[in-house]
Amino acid sequence: MDDVEVVVVGAGQAGLSSAYHLRRTGWEPGRDFVVLDRSPHPGGAWQFRWPTLTYGRVHGMHSLPGMELTGADPARPSAEVIGEYFDAYERAFGLRVLRPVHVRAVREAGDGRLRVESDAGVWTTRALINATGTWDRPFVPRVPGQETFAGRQVHTARYPGPDAFADERVVVVGGGTSAVQHLLEISRTAAATAWVTRREPLFTEAPFDEDRGRAAVALVEERVRDGLPPRSVVSVTGLPMTEEVRAARESGVLRRLPMFDRIVPAGVEWDDGRAVAADSIVWATGFRPVVGHLAPLRLREAGGGIRMAGTRVARDPRIHLVGYGPSASTVGANRAGRAAVRQVRALLGRDRAGGPGSGPLLGGATAREPAAR
């Protein structure tokens, strides 16, 4: 059993941002804090993205604090670009991420500390920054007849790319960016496609810059303050209207149908008599926060969510959730990492000199050090 001041669970954007600010505050990785990551390689959830999601098609990727992602080829797969960038970032700041480590449960240690149990050992800690994201909890809504479908059903988390759907009739379900990207590329190889969403999609031509990202974060924040399950930040930003999207709308590829009422062996049906035949259904229906390992701490409210005060869990000031709710976007994750470390530092009485905003960066990196290409 190892004893540290802070455990960071997850090494995606939010986890690395938190680790950066812990390191810059003067705390030593491996001695004062540890970063535990379930994934096999650097890159967070990005390493699992499908090969046809190139970096140039990524919606709203913001650089990590202290090191810009520069010179990336927009034609390269985003999994490669961002995986290399995160790897370079971890090495530049000496974050010493431990992986693959699966955190099974976080419990009371009995002395005011927390006990973090994993398949790689046990840590006790005074504070925990949880940055586990959502990728490991894909959400598929329950629909009558779902189990009778004779074709294939696949979620975005296991999306194989467009070639797998060649000459098939495909129904894509979901109103987010992933659904649109799936449709655009599947329509080039499939025999036919249909797009189904619960709500009318909102397209926007406004750029997803940092100011707009902050505004979207603010809209999501109110729900988690009230202890309700968070909505995704992307759900309130709208869909970007690119030239490719405009052409797909004009050609009918992005003609939206309302949510069907049931699934039958040969496709989907509506109560008004409409039906669409399908060989495959692609569920681009989002993800849910990965917080099951925190269940022993009883953090949930009656509304089903975890009530938050900034990044801090209202029921337990030792626990901070980053990459959760309003900090689920990349710009929100950066800000949340900084805010969580500031509050943890105050909680633990470790307000050392050289905190965020002062002094040189650690690890020999400069503020605009280029990422690996």
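Derivation of every value follows stated rules applied to the coordinates shown; laboratory data play no part. Everything numeric here is computed off the predicted structure, so don't read it as measured data. In this analysis, Cβ positions are derived from the backbone assuming ideal geometry, glycine residues included, and neighbour counts consider all displayed protein chains.
Just rank VAL245, VAL143, VAL122, VAL81, fewest to most, by other beta-carbon atoms within 10 angstrom.
Details: VAL245 20, VAL143 17, VAL122 14, VAL81 26.
Fewest to most other Cβ atoms nearby, the residues stand as VAL122, VAL143, VAL245, VAL81.
How would ILE306, ILE263 line up from fewest to most surrounding beta-carbon atoms within 10 angstrom?
Values: ILE306 26, ILE263 21.
In order of increasing Cβ crowding within 10 Å: ILE263, ILE306.
Each Cα pair under 8 Å and six or more residues apart adds its separation to the average, and for the range 233-289 the resulting relative contact order is 15 percent.
Annotation for the range 263-308 versus the range 104-148: alpha-carbon center distance of 19 Å.
Based on alpha-carbon atoms, the Kirkwood radius and the radius of gyration of the range 137-204 give Rg/Rh equal to 0.95.
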